[in-house]
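In what follows, a single structure is set out as structure tokens and then discussed.
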Amino acid sequence: MKEGCTFYFIRHGQTYFNHYRRIQGWSNTPLTPQGREDVRSSARGLADVEFDAAYTSDLSRTIETANIILEENKKGKEMTLQSMPEFREVFFGSFEGSNVDETWEKVNEQMGYPSVAEMWAETSIPEQMNAFKKADPYHDAEDFLTFWLRVEQGLIKLINKHRDTGEKVMIVAHGNTIRYLLNNLVPELENPQPLLNASVSAVRYQNGKYHLELYNGVGHFKTLED
């Protein structure tokens, strides 16, 4: 059996737009003090993981997060961080910076469900993304196909580079990017819950298939007192 490789998808730490409950796609806001603290706790729990490569999206919040993780990692000083625009968050068009709850209400108006909760329960991620684009007055928000083709290109690059090496590959990206990606790659992962900041989701790629090892993990967090 071929060695495969393991991808560690890590969501960035809390940003000010996260804290203010604002839509944050391609918009850049820095990590909050709590966000940096959570990332460092996550990083301490990952300190003994011997990553062979480290990637981020090209947005500042993922780069800031990745640098903290590498500071705490025993092999971090040996690593060269590589940013890839393919792993950016979903682009939300003219809704960027808008209130999260108010925006989803507008998307639900487009879909016609009694409530946002019912819309989430009854519709797929691609349907929600396509409705988001329609609800955007400028129609600039990414629909599912546009998003998927972008992220898939990035993933193919990494698979071509790391497949069958047995390597551990760190990818610091975004909540929706990671969740939507894994929802389509991992058969057993149905209707995945939103990801927590600084959480880890691990997937092993072997013999052309993806095997989920961890989703939305925060149990590894270590504080200075631990």
For residue 94: the one exception among (1) assigned to a helix (DSSP H, G or I); (2) under 18 Å from residue 180 (Cα atoms): (2)
Matching option when the condition is surrounded by fewer than 13 Cβ atoms within 10 Å (Cβ to Cβ), at pLDDT 95 or above, among the acidic types (Asp, Glu) and not assigned by TED's automatic domain parsing to the domain that holds residue 24, among 127, 122: 122
Working only within the stretch 83-116, note down all residues that are without any contact (Cβ under 8 Å) to a residue 60 or more places away in the chain, among the polar types (S, T, N, Q) and more than 22 Å from residue 36 (Cβ to Cβ). 94, 108, 110, 115
Looking at 195, 189, which is the one that is more than 22 Å from residue 49 (Cα to Cα) and surrounded by 16 or more Cβ atoms within 10 Å (Cβ to Cβ)? 189
Matching residues in the stretch 177-217 (in contact with an Asp or Glu (Cβ under 8 Å, 6 or more places away or on another chain) and of a type in the set (A, V, I, L, M, F, W, C)) number 4
If you go through the stretch 84-96 one residue at a time, do you hit one that is crowded, with 16+ Cβ neighbours inside 10 Å, closer than 28 Å to residue 152 by Cβ and among the hydroxyl-bearing types (Ser, Thr, Tyr)? no
Given the conditions (1) crowded, with 16+ Cβ neighbours inside 10 Å; (2) under 18 Å from the mean Cα position of the chain (by Cα); (3) within 30 Å of residue 72 (Cα to Cα), report the number of the one that residue 162 does not fulfil. (2)
Filter the stretch 97-115 down to the residues that are over 17 Å from residue 125 (Cα atoms) and not in a helix (DSSP H, G or I), then identify the one that is farthest from the chain's Cα centre (by Cα). 114
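The values are calculated or read from the model by the stated rules, or taken from the named source; none is laboratory data. Just so you know, these numbers come straight off a predicted model, no measurement behind them. Heads up, the Cβs are rebuilt from the backbone with ideal geometry, glycines too, and the neighbour counts pull from every protein chain shown.
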